[in-house]
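Contents: one structure, followed by commentary.
The values are calculated or read from the model by the stated rules, or taken from the named source; none is laboratory data. These numbers come from a predicted model, not from an experiment. Glycine also receives a Cβ, built like all others from the backbone with ideal geometry; neighbour counts cover every protein chain displayed. SASA here: full protein model, heavy atoms, side chains in, ligands and nucleic acids out. Shrake-Rupley method; radii C 1.70, N 1.55, O 1.52, S 1.80 Å.
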Amino acid sequence: MTKILIHAENAGDMSAALSERFPDVRTRACHSNADMLRALQDFAPDGVYSVRFDNSAPFPSEPLLAEGGPRWITVGGSGCDHLGQWDTSRITVTNAAGVGAAMMAEFVFGCALKFTLDIDGLKKDKSDRAWRDRVMTPLMGKTMLIVGLGHTGQAVAQRAKAFGMHVIATRARPAPAENVDEVFAASELPSLWPRADVICLSVPLLDSTRGLVGAAAFEAMKLSAVLIDVSRGGVIVPEDAIAAMRDGQIAGAAFDVFHEEPLPKNSPYWGLPNTIISPHASAVFDGWGEASFEMFLENLERWLKGEKLHRIVDPARGY
């Protein structure tokens with residue numbers, strides 16, 4: 001009998017839904033990293049569906065990928081950097097890439113508009129009961145730089161064109177893309193930073209993207225630029241981002257991901273000016289869990305039939 005382990009906050013409900021749809025599959029729910037570690041040992045699952053949510057204990061990536069472990073692992077989100085490297089001849093890893101792309105794109109533009117419309121200034125005017133003349137800053141005609149043209153990057157590009165923006169982007173394998181005016185290789189980023197009015201970081205965390213945005217990048221950006229990071233903690237060099245915001249090297253930034261999560265209370269990020277801090281929540285919306293799990297169930301049906309799975313992750317590329 002096929003055995004599936006479900007690791008999520010609402011793993012019990014998911015397990016019940018799986019059993020109803022696939023009565024011949026044995027399932028077990030676990031609600032913490034420690035519980036998951038025990039289940040890997042005494043349940044010995046064939047497949048695992050996992051959502052990272054528990055910070056009380058380290059994520060058991062080594063036992064999960066060990067010899068004799070599950071043959072198939074599904075990450076409930078898109079990023080797989082917490083798994084490390086795996087042997088593709090022995091383990092297949094899939095994800096839920098694209099499940100939160102539309103929400104993340106809305107988040108990106110919500111953050112951008114917060115700065116371009118000076119929402120903080122408007123709030124202060126209201127608080128002061130002051131009728132001050134204002135001139136709005138349009139997005140139309142501005143340049144959006146998207147670093148990473150995956151599902152999220154493409155969703156951002158679509159909305160950027162709706163705002164009338166000029167869209168430039170980088171991708172691992174440069175090729176023309178819908179809603180993008182110019183596509184470049186990542187190696188050309190140094191020449192792109194100075195062109196951008198709004199920058200969206202939406203790349204996976206790989207050796208090639210770790211520390212991608214550091215002091216040199218911030219120095220190359222426009223003073224009026226707005227940076228929005230919905231990638232992974234580690235793509236930006238924290239010390240350089242903190243220094244850049246303190247020194248006013250760019251006009252504003254929104255950070256949704258961090259090298260250390262949850263962000264410690266004593267982190268300098270909290271006190272930075274012109275900065276939005278969000279708890280890795282840009283892709284989280286009402287119904288996200290159900291949509292992600294439905295992707296998994298559809299893949300499970302394919303797996304049980306011996307068909308090729310959707311959204312297989314290449315560990316070398318990170319997606």
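Filtering the range 58-88 to residues that are open to solvent by 30 Å² or more (accessible area, probe 1.4 Å) and in a loop (DSSP other than H, G, I, E, B) leaves 58, 59, 66, 67, 68, 71, 78, 84, 85, 87, 88. Considering the range 89-142, the residues that are within 20 Å of residue 275 (Cα to Cα) and among the acidic types (Asp, Glu) include one that is least open to solvent (accessible area, probe 1.4 Å), namely 125. Considered as a group, the residues in the range 14-28 that are touching a strand residue (DSSP E or B) at 6+ places or on another chain (Cβ under 7 Å) and in contact (Cβ under 8 Å) with a residue 24 or more places away in the chain include one that is most open to solvent (accessible area, probe 1.4 Å), and that residue is 26. The set of residues in the range 256-280 being exposed (fewer than 15 other Cβ atoms within 10 Å of the Cβ) and out of contact with any helix residue (DSSP H, G or I) (no Cβ under 7 Å at 6 or more places or on another chain) consists of 260, 261, 262, 264, 265, 266, 270, 271, 279. When the residues of the range 212-255 are filtered to those that are crowded, with 22+ Cβ neighbours inside 10 Å, in contact with a helix residue (DSSP H, G or I) (Cβ under 7 Å, 6 or more places away or on another chain) and touching a residue at least 40 places away in the same chain (Cβ under 8 Å), the one that is farthest from residue 79 (Cα to Cα) is 252.
Of the residues making up the range 196-212, those that are more than 16 Å from the chain's Cα centre (by Cα) and over 21 Å from residue 83 (Cα atoms) are 196, 197, 198. Checked against the criteria, residue 115 does not count as under 30 Å from residue 134 (Cα atoms), modelled with pLDDT of 95 or more, of a type outside the set (S, T, N, Q) and within 20 Å of the chain's Cα centre (by Cα). Restricting attention to the range 153-171 and to residues that are part of a loop (DSSP other than H, G, I, E, B) and of a type in the set (A, V, I, L, M, F, W, C), the residue that is farthest from residue 99 (Cα to Cα) turns out to be 165.
For the condition open to solvent by less than 50 Å² (accessible area, probe 1.4 Å) and acidic (Asp, Glu), residue 197 qualifies. If you check residue 108 against the conditions, is it part of a loop (DSSP other than H, G, I, E, B) and under 15 Å from the mean Cα position of the chain (by Cα)? Taking the combined requirement at face value, the residue does not satisfy it. The residues in the range 1-56 that are of a type in the set (A, V, I, L, M, F, W, C) and assigned to a strand (DSSP E or B) can be counted, and the count is 6. Restricting 170, 209, 152 to those that are more than 29 Å from residue 270 (Cβ to Cβ) and in contact (Cβ under 8 Å) with a residue 24 or more places away in the chain reduces the list to 170. Taking the conditions exactly as written (without any contact (Cβ under 8 Å) to a residue 24 or more places away in the chain and in a loop (DSSP other than H, G, I, E, B)), does residue 137 satisfy them or not? In short, yes. Of all the criteria given as (1) surrounded by 14 or more Cβ atoms within 10 Å (Cβ to Cβ); (2) of a type in the set (A, V, I, L, M, F, W, C); (3) under 22 Å from residue 194 (Cβ atoms), the one not satisfied by residue 284 is (3).
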